[in-house]
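Let me begin by presenting the structure, written as structure tokens, before commenting on it.
Readers should treat all values here as calculations from the given coordinates under stated rules, not as data from a laboratory. Here the structure is a predicted model, which means the values were calculated and not measured. Cβ placement follows ideal geometry from the backbone for every residue including glycine, while neighbour counts extend to all protein chains displayed.
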Amino acid sequence: MTLKILHRPPPVDDTERPVPRWAMRLAHALPLLLLPSCLWRLPFALHFEMGQVQDGGMPAYWLSVPYVLGLSLLTEVIAILTIGLVRGWGEVAPAWIPVIGGRRVRPMAAVVPAVLGGLILTALFTAFPIGGDRHLTLFGVIDSVAYVNGAWKALATVCVTPIAAWGPITIALAIAYYRRRSSAVAVTG
């Protein structure tokens, strides 16, 4: 008996044109790729520092709990919305959505926010090491976070590093969506 753990592509009639297998797999893997980062964040809401050496104090619980939970939830919701770039509900708005339900989604209405979001995510989560435990980021030069031991640092690296791929993956999926949808418009239009 073989286990089927990989997602099968949707039927061809779910989308106007077939979705490349790589795009389907990547879109469905994205929420799972970001999950370790979301889970890594959760203990911070309860002021558990996950082995980090902190100089300043933590914010009050009434602020940290909703902020961290909201950030983790928002991250996963946006990652799940990326699946719309490979599914039929990204081409025709679901009927339950007020005003636009049942209408075709114009390709650029999905591509422009996806590419802009991907560029913003790439800028936010890209850091270039410049030596001396310092990194160049969108926010300037920052010092690396210190950890009480190498195990905590390794765990942090494993959990947080995949989030850097979020922006480039979103851009790649948006380009694949645009190519698929624009060639479908040229064929039917």
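Quick look at the numbers
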quantity	calculated
Pairwise label distance in nanometres, Ile97 with Val158, each label 7 Å out on the Cα-Cβ vector	3.8 nm
Dimensionless Rg/Rh of the chain - Kirkwood Rh, Rg from C-alpha atoms	1.05
For the stretch 43-107: Kirkwood Rh in Å [reciprocal of mean 1/r, alpha carbons]	14.9 Å
Cβ charges +1 (Lys, Arg) and -1 (Asp, Glu), total dipole of the stretch 20-188, debye	980 debye
Per-bin percent of Cα-Cα distances, the stretch 80-137 [10 Å]	20, 35, 20, 14, 9, 2
Inter-centroid distance (Cα atoms) of the stretch 139-181 relative to the stretch 21-60, Å	10 Å
Listed peptides 166-173, 146-153 by packing density, highest first (mean Cβ within 10 Å)	166-173, 146-153
For the chain, calculated [θ]222 nm from helices alone, where every DSSP H run of n ≥ 4 adds -39500 (n - 2.57)	-18000 deg cm²/dmol
Cβ-based charge dipole, the chain, positive-most Cα from Thr170, Phe48, Leu155	Thr170
